[in-house]
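Worksheet: one structure, shown below.
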Amino acid sequence: MSSDPDEEFTIQVSSFEALNTDADVVIKSLPCRRAVADIFFIADSSTSIGITAFNELKRFATSVVSRFTIGPNHIKIGLITFSDDAEIEFKLNTYGGKSNIINTILNIPYTTGITNTHKAIQLLYKDGFTRANGERGNTVPKIAIVVTDGASTKPLHTKMQAIKANNQGIIMFAIGMFT
C-alpha cells in the first residue's frame, strides 16, 4: 500500500508515541485549523495485532483527531475495523464534533480474527467514501490511514483493492505495527 521506492516513502519509529512526539516525522504539534479532508482510519482488530497494540492504535487515532478542526467544512472522520470481516464503526457524517469521535474510538472493542485487510479497503471505497455517508466528492482529499501489523492474510487481494481505491482518488497511508 506504499509507493516506490520504499526508502523514500517509509519512516520507521519505535512506537506510536514516537509518531506523536517526533517533529521530524509527524505533523507539527499545532492543530491543523485550516485543513479540509475526508479521512478514514482503517484499524486492524485481528488476533495477530494483539490487544495492547490495538489500544495503542486507538490512542494514536485520537491523537491525530485532536489536532484537527472537525466539522462539515473542515475535517470529517470515519473509522473501519477489520479482522475476519470489515465493519464501518462510524461514517464521515456520523459525528460533527471532536469529543464524540474520540470517545467512540476509545470505546471500539477488540474483536480478534484473521487479517483481512482487503475487505476493509474494499468496504472503504464501496461504502465508506460515498455521498450518502458524508463524502464530499472530488472537492476535498479522500485519505485513508491503514494501521495494521502488516501481515495481510491475502496480500494479493489487498494489493488489488488498494489499486482500486487509488484509482478512485483515495490517498492511502499505511502504518505498520510490530509487537
*With the condition kept exactly as written, say whether any residue in the range 57-69 is over 23 Å from Ile171 (Cβ atoms) and either touching a Ser or Thr at 6+ places or on another chain (Cβ under 9 Å) or modelled with pLDDT under 95 (or both).*
no
*When the range 90-104 is examined, which residues are found to be open to solvent by less than 60 Å² (accessible area, probe 1.4 Å) and under 23 Å from Ala162 (Cβ atoms)?*
Phe90, Leu92
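Among the residues in the range 49-69, are any at negative phi, in a loop (DSSP other than H, G, I, E, B) and within 14 Å of the chain's Cα centre (by Cα)?
No.
Among the listed residues Leu124, Leu106, which satisfies the condition of being closer than 16 Å to Leu57 by Cα, of a type in the set (A, V, I, L, M, F, W, C) and in contact (Cβ under 8 Å) with a residue 12 or more places away in the chain?
Leu106
Identify, from the list Gly113, Gly97, Gly128, the residue that is in contact with an Asp or Glu (Cβ under 9 Å, 6 or more places away or on another chain) and over 15 Å from Ile42 (Cα atoms). Reasoning before the result, please.
On the way: Gly97 fails: in contact with an Asp or Glu (Cβ under 9 Å, 6 or more places away or on another chain); Gly128 fails: over 15 Å from Ile42 (Cα atoms).
Testing whether each residue is in contact with an Asp or Glu (Cβ under 9 Å, 6 or more places away or on another chain) and over 15 Å from Ile42 (Cα atoms) leaves just Gly113.
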*Collect the residues in the range 99-144 that are closer than 27 Å to Ala53 by Cβ and either modelled with pLDDT under 95 or part of a loop (DSSP other than H, G, I, E, B) (or both), keeping them in residue-number order.*
Asn107, Ile108, Pro109, Tyr110, Thr111, Thr112, Gly113, Ile114, Thr115, Asn116, Phe129
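The values are calculated or read from the model by the stated rules, or taken from the named source; none is laboratory data. As the structure is a computational prediction, the values presented were derived from the model and not from experiment. Positions of Cβ are backbone-derived with ideal geometry, glycine not excepted, and every protein chain shown enters the neighbour counts. Accessible surface areas use protein heavy atoms only, side chains included; no ligands, DNA or RNA. Shrake-Rupley method; radii C 1.70, N 1.55, O 1.52, S 1.80 Å.
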